[in-house]
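The values are calculated or read from the model by the stated rules, or taken from the named source; none is laboratory data. Since the structure is predicted, the reported quantities are computational estimates derived from the model, not experimental observations. Because the Cβ atoms are built from the backbone with ideal geometry, glycine has one as well, and the counts that use them run over all protein chains shown. The area values use the complete protein model at the heavy-atom level, side chains included, leaving out ligands, DNA and RNA. Shrake-Rupley method; radii C 1.70, N 1.55, O 1.52, S 1.80 Å.
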Amino acid sequence: MFQKLDALFPLRFAFFGLCALGALLALFSLIAFGVGWIALLVCLALVGLGINDLRQTKSSILRNYPVIGHLRFMLEFIRPEMRQYFIESDAEAAPFSRSQRSLVYQRAKGELDNRPFGTQLDVTELGYEWINHSVQPTHIASHDFRIIIGPNTAQPYSASIFNISAMSFGSLSANAILALNKGAQKGGFAHDTGEGSISQHHRVHGGDLIWEIGSGYFGCRNEDGSFSAERFAATACDPQVKMIELKLSQGAKPGHGGILPASKVTAEISAARGVPVGVDCISPSSHSAFSTPIEMLQFIARLRELSGGKPTGFKFCIGHPWEWFAMVKAMLATGITPDFIVVDGAEGGTGAAPLEFTDHVGAPVQEGLLLVHNTLLGAGLRDRISVGCAGKVISAFDITRMMALGADWCNSGRAFMFALGCIQAQTCHTGNCPTGVTTQDPVRQQALVVPDKAERVWRFHQSTLKALKELLEAAGLKHTNDVTAHHIVRRIDDTEVRLLSNLIMHVKEGSLLTDLENQHRVFKQYWPLASAHSFAVMKPDDKVSSTGETVPAA
């Protein structure tokens with residue numbers, strides 16, 4: 001019956017036809033009885049919408065399903081919220097599970113974060129991990145775990161082992177920056193500025209800053225976009241700036257530059273970045289201040305000197321292993337070492353990035369961190385360089401695991417966004433953030449009340465470190481630097497588990513320089529291809545000229 005009816009009048013036009021019929025009935029009611037104005041207006045509006053749907057050429061759905069086709073787009077629009085609230089399980093991460101977000105919310109609010117009735121995780125699942133406990137737990141006096149970064153510099157920094165990862169003003173709202181920095185100031189931990197430089201909002205509460213210098217040299221650039229030593233020195237010598245971080249790449253979109261459209265370059269962003277108002281703000285994909293590994297280290301040494309001797313290092317996501325090895329060879333060749341290196345994992349977040357970059361470019365934090373830690377060990381440089389990392393760090397166990405892989409400290413961005421009230425709406429790139437965290441809309445920003453959210457940032461940090469203290473005590477340890485891969489256990493199948501130390505690479509101190517043939521194949525294959533004079537692959541017969549350039553074999 002429906003097939004016959006559809007042949008006479010396509011059913012996909014039924015709702016459009018009902019709207020037209022409703023308009024006629026409402027018109028009759030208005031003429032005959034003097035009522036029906038509202039119904040007539042609504043039906044006429046829907047008829048007009050249907051006519052427009054039939055005439056437009058951009059959407060096939062609307063041409064075939066006038067009026068009712070809009071229902072698809074409405075449901076698609078609210079799909080993330082519907083999935084988050086009604087469908088996804090507590091342990092389903094996309095990218096963070098409800099359980100992970102709830103942990104941050106509860107700790108940030110100062111609510112009880114204990115769980116009743118046992119774990120919701122499947123302990124028999126492949127990849128399940130835990131930390132072995134001790135029959136002799138320790139007692140740790142304070143949860144304020146710290147490390148000294150740049151102990152041999154003029155101004156070494158006593159850093160918390162848990163800090164706010166790089167997020168720029170412009171990506172985050174003014175109120176978000178204010179709340180993060182006030183929370184950092186109260187808790188005595190560091191706030192990374194992101195490559196958008198230091199805005200007026202970073203300075204209000206005086207929290208410790210890690211100034212990130214990206215390829216756009218924002219806050220320290222000349223008019224042509226090149227690096228300005230004078231402008232850098234003027235800002236870097238500010239006592240609030242504790243460390244200088246040269247950004248080579250970020251985990252969420254390594255190797256990809258960026259552009260802030262002219263329409264978004266406000267007076268505040270212009271002042272922070274040193275770019276003209278209303279002009280496209282471009283972040284190149286590579287640096288113009290150096291082009292070789294040795295030049296990069298010389299630039300780092302120059303930044304350290306210009307800053308008055310503050311700890312200076314770099315952040316990157318591991319890509320081609322020979323490029324990283326080239327940096328290490330440059331350290332050995334010049335004697336110049338960064339005070340720290342931050343390994344950014346490919347699972348890191350960003351306001352917006354091409355899907356291919358977020359999904360398929362760059363090494364995850366585990367692989368990147370292991371390669372950096374072991375390379376520095378093998379080159380005999382590990383004790384001179386502190387190593388930080390970032391990549392979906394939420395809980396005390398996440399921090400512990402990163403320490404087991406070789407990190408000295410952890411950074412987290414999205415965890416602190418959750419502390420600010422982020423609900424993972426994933427509308428960061430639209431400017432329509434429902435909680436005022438990632439928007440420049442002054443009205444939307446008002447939803448984020450700075451004093452309240454600053455307290456939440458501080459409480460989350462404190463509660464996480466207290467949980468970390470309890471975890472270390474249960475394992476019989478006294479500090480995060482006591483954690484090794486021997487303390488973490490991983491299930492590899494239904495009937496077998498192994499210590500993490502038996503599953504990951506290990507390199508002995510100095511062994512890359514004395515015993516390369518007996519090392520992991522990544523070192524045997526790529527270490528010989530790396531040159532301190534170039535980021536390019538060295539071929540067996542290539543030579544280095546007197547100017548430091550790679551000369552291909554004839």
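Some observations on this one:
- Residue-by-residue Karplus 3J(HN,Hα) for region 432-438, coefficients 6.51, -1.76, 1.60, Hz, glycine and proline x: 10, 3, x, 10, x, 7, 10
- Region 332-462 - convex hull of the alpha-carbon atoms, volume per residue in Å³: 144
- Peptides 21-34, 223-236, 131-144, ordered by how many other C-beta atoms sit within 10 Å of their residues on average, highest first, read 223-236, 21-34, 131-144.
- Distance between the 7 Å Cα→Cβ label points at L112 and L54: 6.3 nm.
- The modelled label-to-label distance for the pair I492/A94, using points 7 Å beyond Cα in the direction of Cβ, is 3.3 nm.
- Each part reduced to its alpha carbon centroid, region 109-166 and region 447-494 end up 3 Å apart.
- Three-way shape call for region 460-519 based on the alpha-carbon gyration tensor, with the a/c threshold at 1.5: oblate
- The share of accessible area on region 211-265 that comes from carbon and sulfur is 50 percent, using a 1.4 angstrom probe.
- Selection from M167, Q298, S285 lying farthest towards where the dipole of the chain points positive, charges on Cβ: M167
- Annotation: amide H of A252 within the under-5 Å range of G348, sequence separation 5 or more or interchain, hydrogens built in the peptide plane.
- Taking the accessible area of region 45-94, probe 1.4 Å, and keeping the other protein chains in place, the carbon and sulfur fraction comes to 62%.
- Taking all pairs of distinct alpha-carbon atoms in region 199-329, Kirkwood radius in angstrom: 15.6
- Full-extension gain in nm, M82 to T334, via 0.36 nm per residue minus C-alpha separation: 85.1 nm
- Highest-first arrangement of 167-176, 366-375, 299-308, where packing means the average Cβ count within 10 Å: 167-176, 366-375, 299-308
- Qualifying aspartates and glutamates (Cα of each under 15 Å from Cα of K264; at least 8 residues distant if same chain): D280, D441
- C-alpha long axis of helix 396-405 to longest principal axis of the chain, angle in °: 40
- Amide hydrogen neighbours beyond the local backbone of V387, cut-off 5 Å, H modeled: I341, D408, W409
- Note on region 251-325 and region 504-524: Cα centroid distance 32 Å, given to the nearest whole angstrom.
- Here the Debye sum runs over all C-alpha atoms of region 269-316 as equal scatterers in vacuum, and log10 of I(q)/I(0) at q = 0.18, 0.20, 0.23, 0.28 Å⁻¹ comes out as -0.77, -0.86, -0.94, -1.00.
- On Cα atoms only, tilt of 293-306 relative to the major axis of the chain in degrees: 90
- Based on protein heavy atoms only, region 444-524 ends up with 54 Å² per residue of surface accessible to a 1.4 Å probe.
- Amide H contacts of I213 (H built 1.01 Å from N, under 5 Å, at least 5 apart or other chain): E245, L246, K247
- For region 112-183, the relative contact order is 15 percent, taking Cα pairs closer than 8 Å that sit 6 or more residues apart in sequence and dividing their mean separation by the residue count.
- Dividing the convex hull volume of the alpha carbon atoms of region 240-305 by its residue count gives 126 Å³ per residue.
- For region 65-173, the square roots of the Cα gyration tensor eigenvalues, ordered a ≥ b ≥ c, give a/c of at least 1.5 with a/b no greater than b/c, which places it in the oblate category.
- A simple charge model with +1 on the Cβ of Lys and Arg, -1 on the Cβ of Asp and Glu and nothing else charged puts the dipole of the chain at about 960 debye relative to its Cα centre.
- Accessible-area composition of region 384-503, carbon plus sulfur, in percent [1.4 Å probe]: 49
- Coarse-grained scattering of the chain at q = 0.05, 0.07, 0.09, 0.10 Å⁻¹, given as base-10 log I(q)/I(0) from a Debye sum over alpha-carbon atoms: -0.27, -0.50, -0.75, -0.88
- Rg followed by Dmax, in Å, when region 391-518 is reduced to its Cα trace: 20.1, 62
- Hydrodynamic radius of region 282-361 by the Kirkwood approach over all distinct alpha-carbon pairs: 14.3 Å.
- Region 169-236 shape via C-alpha gyration tensor axes, a/c threshold 1.5: prolate
- Using the 1.4 Å probe convention, the accessible area of region 220-327 works out to 40 Å² per residue with neighbouring protein chains retained.
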